[in-house]
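The values are calculated or read from the model by the stated rules, or taken from the named source; none is laboratory data. Bear in mind that the values here come from a model prediction, so they are computed numbers and not experimental data. A quick note on method: Cβ atoms are made from the backbone with ideal geometry, for glycine too, and the neighbour counts reach across all protein chains shown. Protein only, heavy atoms only, side chains kept; ligands, DNA and RNA dropped before computing areas. Shrake-Rupley method; radii C 1.70, N 1.55, O 1.52, S 1.80 Å.
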Amino acid sequence: MELDEIDTVGVVGAGTMGNGIAQVAATAGYDVVMRDVEQRFVSAGFEAIDDSLDRLVARDELTREEADRARGRIDGTTDLDDLADCDLVVEAVTEDMDVKQSVFSDLAETCDPEAVLATNTSTLSITTIASAVDRSERVLGLHFMNPVPVMKGVEVVVGEKTGEETLALGHAFAEDLEKETWEADDKPGFVVNRILMPWINEGIRAYDEGVAEEADIDRGMTLGTNVPMGPLELADHIGLDVVLDASETLHEELGDRYQPAYLLKRKVAAGDLGKKTGAGFYEYD
Ligand code: CAA
């Protein structure tokens, strides 16, 4: 299959990552089917897309007509069978191996054997996800960054059985969405989260151990190293539950140097998950 044979893209999961991926694929001209398990999640996904497209129009990155055309290319559904004609599907459901394997097994039954099946997993094994299907050479990782419409990079992850053609299509597809790619082997956390998660956890420990106030930890890192967000603000942006989940997977696979910070676990237990719940290391309106 060549890139120009990919017309329709499926996205499974309409949450933060899924709706962002649906939006950038539609903006690049693909017809998109965005699926979630309940209509209210699909509707929330469309609201996020509308908001993001409005912001891009306000910044003159898209014209109103381009934004409206992109929006018009996305269909929402709760029925996985509606992805039957998709040439490429990106799965962006919860970071749970059983759930992901079950989605992949359903996709293998629904989609054409030639369809590329990508997972947006941030830390789970591509090879293990792919073991749920009879065509693991068509499976790869396409790890988008949050917020998807703004971030320029996509990590292309190579599973044990990922085929050369699938890999080439993964790069070409991401580049067609105006993203730049890099390749990572299927090892825990790939490139980004393997390095980002210990950085965030060390920021949390430094705060918890009284090295500096929250804002000074973040100011130190932004002013001192020119990153756009310090570790605590970035953790709130990603979602503390997502950070804890990724940290626990890395800890399990790579040992004690990846142990999640105690305060991260305490905040997640308290339901303070960052921006999305209105409180994390900072308060949000
Ligand atoms: N859609 C469209 N536009 C958006 C947007 C979205 N979803 N999110 C932000 N923007 C726009 C804003 O509207 C704003 O535009 P204006 O300047 O015209 O108002 C612009 O981007 C800048 O946003 P803000 O002023 O709100 O704040 P900012 O300057 O701090 O930029 C940011 C926001 C782009 C998120 C920037 O802070 C940043 O790059 N932060 C780091 C993000 C990052 O590292 N992401 C990767 C996380 S790791 C990951 O995703 C992997 C994983 O598996 C966990």
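For the reader, a short list of remarks on this structure follows.
- Peptide packing for 4-14, 245-255 was compared via the average number of neighbouring C-beta atoms within 10 Å per residue; ordered from the highest value, the list is 4-14, 245-255.
- Average accessible area per residue (Å²) across the range 131-285 - probe 1.4 Å, nucleic acids and ligands excluded: 50
- Trypsin sites (Lys or Arg not before Pro) restricted to DSSP loop in the range 1-94 with at most 14 other C-beta within 10 Å: 59
- Part-to-part distance (alpha-carbon centres) for the range 267-285 and the range 1-79, which is given in Å: 27
- Fraction of C-alpha pairs exceeding 17 angstrom in the range 139-237: 59 percent, rounded to a whole number.
- Hull volume per residue, based on the alpha-carbon atoms of the chain and their convex hull, is 129 Å³.
- Extension gain, residue 212 back to residue 195 (0.36 nm per residue minus Cα-Cα distance, nm): 3.9 nm
- Each of the peptides 268-275, 104-111 was scored by the mean count of other Cβ atoms within 10 Å over its residues; in descending order, highest first, they stand as 104-111, 268-275.
- Residue-averaged 222 nm ellipticity for the chain, from DSSP H runs of 4+ at -39500 (n - 2.57), nearest 500: -14500 deg cm²/dmol
- Among the GluC sites (Glu not before Pro) in the range 116-168, those located in a DSSP loop and surrounded by at most 15 other Cβ atoms within 10 Å of their own Cβ are 160.
- Here the chain exposes an accessible surface that is 46 percent carbon and sulfur, computed with a 1.4 Å probe and the other protein chains kept in place.
- Dimensions (Å) - the range 1-114, Cα atoms, principal axes, largest first: 41, 32, 19
- Full-stretch length increase - residue 50, residue 85 - with 0.36 nm per residue and alpha-carbon distance subtracted: 10.1 nm
- The range 94-166, Cα convex hull volume normalised per residue, Å³: 93
- Each DSSP beta bridge with both residues in the chain is either parallel or antiparallel, and the antiparallel ones are about 20%.
- Look at where the Cα atoms of the range 82-136 and of the range 176-251 average out, and the two centres are 27 Å apart.
- Computed over the range 54-116, Kirkwood Rh from alpha-carbon pairs, angstrom: 14.1
- Helical segments meeting 15 Å axial Cα length and Kyte-Doolittle -1.0 threshold in the chain (DSSP H): 16-27, 39-58, 97-110, 164-176, 192-208, 214-225, 240-254
- Spin-label pair residue 160/residue 225, simplified geometry with 7 Å Cα→Cβ offset, distance in nm: 3.4
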